[in-house]
Amino acid sequence: MTSQIKALVDDAPTDDGTKQLVENISIALAQWVSANLSHSHYYIIQDPSGAWIKSTLLHRTQSVGEKTAIFIFSSSEDVAREIDGLQNIQVFPEKIPVIELLFRFWTLNLSDSLIVNEGSDTAPSKTMREIRRSDLNTAIRESKKKTRDTSSGKGFGNIC
């Protein structure tokens with residue numbers, strides 16, 4: 001995770017505190033990942049322009065509650081199987097470091113949720129779980145509070 005955080009920080013603009021902000025958010029995300037996800041990289045499905053493919057989900061029992069989600073996959077086999085099921089659409093898998101994936105999802109407000117496919121269809125332990133933006137908001141807010149309690153509180157700005 002350290003190399004993923006370093007890569008994000010190195011790519012951040014050098015203006016007023018942005019690198020520190022990116023580092024603090026990335027550290028909060030890494031702490032959340034270590035407690036909640038199993039892989040250091042995930043695959044997403046993207047279109048030829050590089051945009052992540054979104055799905056619209058409807059609540060099973062309620063007529064309201066539509067939201068957008070981006071599916072992410074823990075293995076190249078799983079993402080390939082999903083792409084094979086898509087017809088008449090040109091898409092490509094992209095392997096992304098988990099910290100960058102969550103950082104982009106959170107900062108760019110790409111969808112309401114990520115749906116994580118952990119494991120293959122043939123594995124008995126396959127799980128699908130939802131990561132809501134609010135899950136990451138909570139993790140970042142808690143990290144911000146801990147930072148404020150143990151230091152000068154610099155580096156988070158007015159996020160969350």
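Observations on the structure shown:
- From the list Gln20, Gln31, the one residue that fits, being polar (S, T, N, Q) and within 15 Å of the chain's Cα centre (by Cα), is Gln31.
- Only listed residue being surrounded by 12 or more Cβ atoms within 10 Å (Cβ to Cβ), of a type in the set (Gly, Ala, Ser) and assigned to a helix (DSSP H, G or I), chosen from Ala35, Ala80: Ala80
- Residues (among the polar types (S, T, N, Q) and in contact with a Phe, Trp or Tyr (Cβ under 6 Å, 6 or more places away or on another chain)) located in the range 77-117: Asn117
- Consider the range 103-117 and keep the residues that are at pLDDT 90 or above, among the aliphatic types (A, V, I, L, M) and farther than 17 Å from Ala30 by Cα. The one that is surrounded by the most Cβ atoms within 10 Å (Cβ to Cβ) is Ile115.
- Unmet requirement for Asn88, which otherwise passes all of (1) outside any helix (DSSP H, G or I); (2) in contact (Cβ under 8 Å) with a residue 12 or more places away in the chain: (2)
- For the range 38-73, taking the residues that are in contact (Cβ under 8 Å) with a residue 40 or more places away in the chain and of a type in the set (Val, Ile, Thr), the one that is surrounded by the fewest Cβ atoms within 10 Å (Cβ to Cβ) is identified as Thr68.
Yes or no, residue by residue, for (1) surrounded by 15 or more Cβ atoms within 10 Å (Cβ to Cβ); (2) closer than 26 Å to Ile140 by Cβ; (3) among the basic types (Lys, Arg):
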site: Thr18; (1), (2), (3): no, yes, no
site: Ile27; (1), (2), (3): yes, yes, no
site: Leu86; (1), (2), (3): no, no, no
site: Leu101; (1), (2), (3): yes, yes, no
site: Gly119; (1), (2), (3): yes, no, no
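The values are calculated or read from the model by the stated rules, or taken from the named source; none is laboratory data. Because the structure is predicted, anything quoted here is derived from the model rather than measured. Glycine also receives a Cβ, built like all others from the backbone with ideal geometry; neighbour counts cover every protein chain displayed.
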